[in-house]
1. Scanning for something more than 9 Å from the chain's Cα centre (by Cα), more than 14 Å from ALA72 (Cβ to Cβ) and acidic (Asp, Glu), does the range 13-31 turn up at least one residue?
2. If I filter the range 46-61 for residues that are at pLDDT 95 or above, closer than 24 Å to GLU76 by Cβ and in contact with a helix residue (DSSP H, G or I) (Cβ under 6 Å, 6 or more places away or on another chain), do I get at least one hit?
3. Of all residues being among the hydroxyl-bearing types (Ser, Thr, Tyr) and assigned to a helix (DSSP H, G or I) in the range 1-43, which is surrounded by the most Cβ atoms within 10 Å (Cβ to Cβ)? Just the residue, please.
4. Every residue in the range 44-67 that is under 14 Å from ARG25 (Cα atoms) and in a strand (DSSP E or B), please.
5. Give me a count of the residues in the range 13-36 that are among the hydrophobic types (A, V, I, L, M, F, W, C) and touching a Leu at 6+ places or on another chain (Cβ under 8 Å).
6. Considering only residues of the range 48-58 that are surrounded by 12 or more Cβ atoms within 10 Å (Cβ to Cβ) and not polar (S, T, N, Q), which is farthest from LEU84 (Cα to Cα)?
7. For the range 15-61, which positions are in contact with a strand residue (DSSP E or B) (Cβ under 6 Å, 6 or more places away or on another chain) and not β-branched (Val, Ile, Thr)?
8. Considering only residues that are among the aliphatic types (A, V, I, L, M) and in contact (Cβ under 8 Å) with a residue 60 or more places away in the chain, look in the range 64-80 and name the one that is surrounded by the most Cβ atoms within 10 Å (Cβ to Cβ).
Amino acid sequence: MANILNEQIYIIPLRDVKKVPRWRRSQRAMKDIRSYLMKHMKSDDVKLDQTINEKVWERGSEKPPRKIRIRAMKFEDGQVQAELAEE
């Protein structure tokens, strides 16, 4: 893997997922996390770690968390890898 250019910790608000039908909320939360990172890290190549997926889906598809804390790393080749930040 290439060298890390930028490493950030983001607290991503997921309050907009309450506007979609209940059965689709966690699916929408995953899309919102990816689009947030694409916007703030300025990259189209975003890879989300399995721990993020487990955290969003841990209470089912109808009750995702209201916010999530993520560590994002941008590499020289433009790829962004995100993982759940330890608290």
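The values are calculated or read from the model by the stated rules, or taken from the named source; none is laboratory data. Keep in mind that what you see is a predicted model, and the values were worked out from it rather than measured. Heads up, the Cβs are rebuilt from the backbone with ideal geometry, glycines too, and the neighbour counts pull from every protein chain shown.
1. Filtering the range 13-31 down to residues more than 9 Å from the chain's Cα centre (by Cα) leaves 13-28.
Next cut, more than 14 Å from ALA72 (Cβ to Cβ) only: 13-28.
Narrowing the set further to residues that are acidic (Asp, Glu) leaves 16.
Within the range 13-31, one or more residues are more than 9 Å from the chain's Cα centre (by Cα), more than 14 Å from ALA72 (Cβ to Cβ) and acidic (Asp, Glu).
2. Yes, the range 46-61 has at least one match.
3. Looking only at the range 1-43, we keep the residues that are among the hydroxyl-bearing types (Ser, Thr, Tyr), and these are 10, 26, 35-36, 43.
After this cut, where a residue has to be assigned to a helix (DSSP H, G or I) as well, the list is 26, 35-36.
Values: SER26: 21, SER35: 12, TYR36: 19.
Top of the filtered list is SER26.
4. If the condition is that a residue be under 14 Å from ARG25 (Cα atoms) and in a strand (DSSP E or B), then LYS67 is the only one that fits.
5. We begin by selecting, within the range 13-36, every residue among the hydrophobic types (A, V, I, L, M, F, W, C); these are 14, 17, 20, 23, 29-30, 33.
Checking which are touching a Leu at 6+ places or on another chain (Cβ under 8 Å) leaves us with 29-30, 33.
Within the range 13-36, residues that are among the hydrophobic types (A, V, I, L, M, F, W, C) and touching a Leu at 6+ places or on another chain (Cβ under 8 Å) number 3.
6. Filtering the range 48-58 for residues surrounded by 12 or more Cβ atoms within 10 Å (Cβ to Cβ) gives 48-49, 51-53, 55-57.
Next cut, not polar (S, T, N, Q) only: 48-49, 52, 55-57.
Working: LEU48: 9, ASP49: 7, ILE52: 5, LYS55: 8, VAL56: 10, TRP57: 13 Å.
In this case the residue turns out to be TRP57.
7. ARG34, TYR36, LEU37, MET38, MET41, SER43, LYS47, LEU48, ASP49, LYS55, listed by residue number.
8. Going through the range 64-80, the residues among the aliphatic types (A, V, I, L, M) turn out to be 68, 70, 72-73, 80.
Next cut, in contact (Cβ under 8 Å) with a residue 60 or more places away in the chain only: 70, 72-73.
On the way: ILE70: 21, ALA72: 23, MET73: 17.
Taking the candidates together, the pick is ALA72.
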